[in-house]
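First the structure, in the form of structure tokens, and then the observations on it.
The values are calculated or read from the model by the stated rules, or taken from the named source; none is laboratory data. If you're wondering where the values come from, they're calculated on a predicted model, not measured in any experiment. Counting neighbours? That spans all protein chains shown, and the Cβs are built from the backbone with ideal geometry, glycine included.
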Amino acid sequence: MLALSSYIYALQQGQKQLPVYLHKHPVLVAGCYQLVTTDELPLQLLLKQPRIMSQVLATAGDQVWQQHTLAAGYMRLSIYDAELIEAIKNRPKGALVAMAVLKKPRNYHNPDGFDYVRWAQAQGQLASGYIKSSLVAWDACQIVGRDKLDTWRQAFLQLLAQVPHEGMGSRLWAALSAGYSKDLEGKHWQVLHRTGTTHLLVISGLHIGLVAALLMWFGRGLLWLFKRPQSYGLAIWLGWVGAMGYAIFSGWGLPAQRAVIMLSAIMLVNRLGVAWTIWQRLLLAWAITLLLQPNSLYSPGFWYSYLAVLNLALVWRGKRSDQWYVLVLQLVLSQLSLLAILAPVIAATTGGLSVIGPGLNLLLIPLFGLLLVPVLLLCSLLLPWLGPHHIAMQSVATALDALWQGLQWLAGWPYAMLNVSHWPAAVWLLWILLGVLLLLLRSYWRAALWGLLLLLLQPQKAVYQLTVFDVGQGLAIWQQAAEHNLLYDLGDRFSSNFNLLQAVVLPALYRAGVDRLERVYIGHWDRDHSGGLSALVSPYEKLEVGQWWLPIERHKYLEHYIPAAAHIERCYPTDWQSFGTIRLRHLSLQRAVVNGNNASCVLQIDIYGQRILLPGDIEKAAELRLVALYGQQLRSDILIAPHHGSHSSSSELFLQTVAPRLVVISAGYQNRYGHPHKQVLERYWQQGIAWYNTAIHGQIRIRFNDDGQLLVEHAYY
């Protein structure tokens, strides 16, 4: 039954997105848009509630337009054409009709990478693509809500945006009261992750349970006032109805839905005359959740929710005391037991464990429950009547911003987050099993001691290997030599909330226990090579960089991201240098005047006598110049395809001189440039060169042995 419901759910999710037969085909799109970027290329916009039409062949042989129905959601579209950009860049939102080429969400194939397809489904992203031609736009556009409640929610958010306050106050208010978190950028989620407080900003069981408890308390007060103290069932129904309304108003997200199911099972079972224990009620809620949301079985949030409630039930079972020190002790023990049960699940799924999270939650959960959430809900109700300029509204926004500043300061601590992604699965399994056992035996101090002992475990790191990540139409390469690590290029960046370095590269580094990069190379300044620069230097990414090696061609805007105290070198030609137990050198076009792709930093690495050539995005002119300068010194066993295998690169003379055994192409799946070019692949075949393409094979990892053998592994078979 569960398998059948999972299959039905998967079909429903697939129907919400772009049909396969429209993938990469020109279609006519229409809808309400909002620009995401206005100061960089390509211009990006979100098209909300899109409608699409495509041309099909009619029975008479004529081409006719057919409309396709999609579920509610949005599309992310890019604009590359200069004339189209000029036509729309000064109009940040409105309506449009345009010809576009769309594509379905697709995962980058990396073992440790971000699950983009699942994320897109959860966000309601139907497709992405680019606008091709025939752009018609106008200012007026009305998004029809699902019902009147959606209209009220949008009106509330617009009113909240008018509160005169600079900082994070209004963003946090929108997230806590209406579940609107789209204004939170990647750096904000990093702060929450490092402090272990993400659950406080996502409308889930904590907030909905608090609303239910507050309304139950209010209902009991009214019943006592009207001398009907025995009718506590009315107070329970009042709490449940209020919690349901709050969950719907907050956007009815999956965490809110799970919370309502769990709350209903806990609160309403006894109202139906069934005397079930808390364990039976939790089992009922668990079964209903899986029946209605089968895909929750693969969602970390599902396990977080039920493990947290299980933990509280174990800690507070049989506890009845009005003494304050007993309550405080139980709160402390609940955090310790969370460390024993929930922390391994969070760490194993996210790769990080917040060291300050348990203590911070011990303070913030009561603060949110007793003060912050009640005040926010009250002010949200009064906002339409008092107006956004009222002193009370400004005070609440200021207080929220002060809270955020404190979280940001704590997140900046060097050891706020412990990187545990490289710990073996056996550690987590032992942690959970022993944690549950000790929790059942109520030996909390032993559970805490076991947790501290496990924190001291340090598994052995990997050794000599080269990893070419699947970062789409871009490049990111990780050279690992024992404890020495080198990163060549940083992948692409699509928005402030999503870049390939954080989604693909950093999870792999952290899982291997890497906390220092001896060298970071930026081959050249195109965005598909340097897009992750701002993320790498983020104060919340505790990855130390020893040396920065930059192209000879300077880029004033991008270079300002690199800290002033950093050790910066330029890719001028060098002799062989030692890098741990391997060697490397730079094969620059000397001091010739080059720019753009031909200014790429060319790197050659020697491992156990096996050579790797990383030429960046150089093209034929630079290739021939390198051949003239270095000749047979270019000979290498492995070649990273120049310029993603473009027609303007991988010239015949260059390939004959390098004579690689293996070529690795880093290219995007069905990219708009047609990389790798068919003639380039033919040259590889003609010269007997084996090749791998990240668009086909996913992440490619090459392991080196001291006997001269190469072991090639790829993620997608």
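Things to note:
- Matching option when the condition is touching a residue at least 24 places away in the same chain (Cβ under 8 Å), on the phi < 0 side of the Ramachandran plot and touching a strand residue (DSSP E or B) at 6+ places or on another chain (Cβ under 7 Å), among L653, L624, L710: L710
- Picking from residues in segment 344-357 that are hydroxyl-bearing (S, T, Y) and assigned to a helix (DSSP H, G or I), the one that is surrounded by the fewest Cβ atoms within 10 Å (Cβ to Cβ) is T349.
- Reported count of residues in segment 515-524, each being modelled with pLDDT of 85 or more and assigned to a loop (DSSP other than H, G, I, E, B), is 3.
- Qualifying residues in segment 590-642 (those that are β-branched (V, I, T) and under 15 Å from E553 (Cα atoms)) - the one farthest from the chain's Cα centre (by Cα): V593
- Answer residue from segment 217-255, given it is within 20 Å of V269 (Cβ to Cβ), modelled with pLDDT of 80 or more and of a type outside the set (V, I, T) and is surrounded by the most Cβ atoms within 10 Å (Cβ to Cβ) among those: A243
- Taken over segment 410-429, the criterion of being assigned to a helix (DSSP H, G or I) and closer than 17 Å to W189 by Cα is satisfied by L410, A411.
- Among the candidates L370, L360, residue that is surrounded by fewer than 19 Cβ atoms within 10 Å (Cβ to Cβ), assigned to a helix (DSSP H, G or I) and either out of contact with any Phe, Trp or Tyr (no Cβ under 7 Å at 6 or more places or on another chain) or among the acidic types (D, E) (or both): L370
- Search result, residues across segment 90-136 that are basic (K, R) and either more than 30 Å from G251 (Cα to Cα) or under 19 Å from the mean Cα position of the chain (by Cα) (or both): K104, R106, R118, K132
- Residue in segment 544-562 that is within 18 Å of G352 (Cβ to Cβ), among the polar types (S, T, N, Q) and either touching a residue at least 24 places away in the same chain (Cβ under 8 Å) or part of a loop (DSSP other than H, G, I, E, B) (or both) present: no
- Restricted to strands (runs of 3 or more DSSP E) entirely inside segment 672-717, those with at least 1 residues that are under 21 Å from V658 (Cα atoms) and not aliphatic (A, V, I, L, M) are 690-693, 700-704.
- Subset of segment 688-710 (residues that are surrounded by 14 or more Cβ atoms within 10 Å (Cβ to Cβ) and either farther than 26 Å from V505 by Cα or aromatic (F, W, Y) (or both)): I689, W691, Y692, F704
Every residue, every condition in (1) closer than 22 Å to L614 by Cβ; (2) hydrophobic (A, V, I, L, M, F, W, C); (3) at pLDDT 90 or above, yes or no:
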site: Y510; (1), (2), (3): no, no, no
site: G513; (1), (2), (3): no, no, no
site: D526; (1), (2), (3): yes, no, yes
site: S530; (1), (2), (3): yes, no, yes
site: K542; (1), (2), (3): no, no, no
site: Y557; (1), (2), (3): no, no, no
site: A564; (1), (2), (3): no, yes, no
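- Listed conditions (1) in contact with a Gly (Cβ under 6 Å, 6 or more places away or on another chain); (2) under 21 Å from T574 (Cα atoms) are all met by R635, apart from (1).
- When S649, S636 are checked against the criterion of being touching a Leu at 6+ places or on another chain (Cβ under 9 Å) and of a type in the set (G, A, S), a single residue qualifies: S636.
- Flag if P573 is farther than 17 Å from I522 by Cβ, assigned by TED's automatic domain parsing to the domain that holds I689 and outside any helix (DSSP H, G or I): yes
- Of the residues making up segment 86-113, just one is assigned to a helix (DSSP H, G or I) and surrounded by 17 or more Cβ atoms within 10 Å (Cβ to Cβ), namely I88.
- Pairs, first outside the structural domain of V420 (by TED's automatic domain parsing) in segment 514-539, second among the basic types (K, R) and in a strand (DSSP E or B), C-beta under 7 Å, six or more apart: R527/R493; G531/R493; G532/R493
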